Amino acid sequence: MFGKLKAGDKGKIIDISHVGRLVQRRLLDLGFTEGSEICVKCVMPFGGPIIIESSGQCIGIRLHEADRIELERL
């Protein structure tokens, strides 16, 4: 789903259980929980990382990991 979002798009995290354990732990530690609203800040070209923001916290994750996060577009 993240692959279809552009910078400035918003969404609500539905499920992060399909993400790798380390990335999942990192997301949870920074407050990116299920039900959180996120905003895409930047999408790097050529399949590079994606920067997302939630509650003032920004995180950069690989696009293939982000695609495993299920979210609802707002």
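The values are calculated or read from the model by the stated rules, or taken from the named source; none is laboratory data. Everything numeric in this text was worked out from a predicted model, so none of it was measured. Cβ sites come from the backbone with ideal geometry, for glycine too, and all protein chains shown count toward neighbours. Protein only, heavy atoms only, side chains kept; ligands, DNA and RNA dropped before computing areas. Shrake-Rupley method; radii C 1.70, N 1.55, O 1.52, S 1.80 Å.
Mind checking which residues of the stretch 35-63 are aliphatic (A, V, I, L, M) and open to solvent by 20 Å² or more (accessible area, probe 1.4 Å)?
Within the stretch 35-63, Val43, Met44, Ile51, Leu63 qualify.
Asp67 versus (1) of a type outside the set (A, V, I, L, M); (2) under 11 Å from Phe2 (Cα atoms); (3) surrounded by fewer than 12 Cβ atoms within 10 Å (Cβ to Cβ): which is the lone unmet condition?
Checking Asp67 against (1) of a type outside the set (A, V, I, L, M); (2) under 11 Å from Phe2 (Cα atoms); (3) surrounded by fewer than 12 Cβ atoms within 10 Å (Cβ to Cβ), the one that fails is (3).
Go through the stretch 1-20 and give me each residue that's of a type in the set (Asp, Glu) and surrounded by 14 or more Cβ atoms within 10 Å (Cβ to Cβ).
Asp9
In contact with a strand residue (DSSP E or B) (Cβ under 8 Å, 6 or more places away or on another chain), of a type in the set (Phe, Trp, Tyr) and either crowded, with 16+ Cβ neighbours inside 10 Å or part of a loop (DSSP other than H, G, I, E, B) (or both) - does that describe any residue in the stretch 21-34?
Within the stretch 21-34, one or more residues are in contact with a strand residue (DSSP E or B) (Cβ under 8 Å, 6 or more places away or on another chain), of a type in the set (Phe, Trp, Tyr) and either crowded, with 16+ Cβ neighbours inside 10 Å or part of a loop (DSSP other than H, G, I, E, B) (or both).
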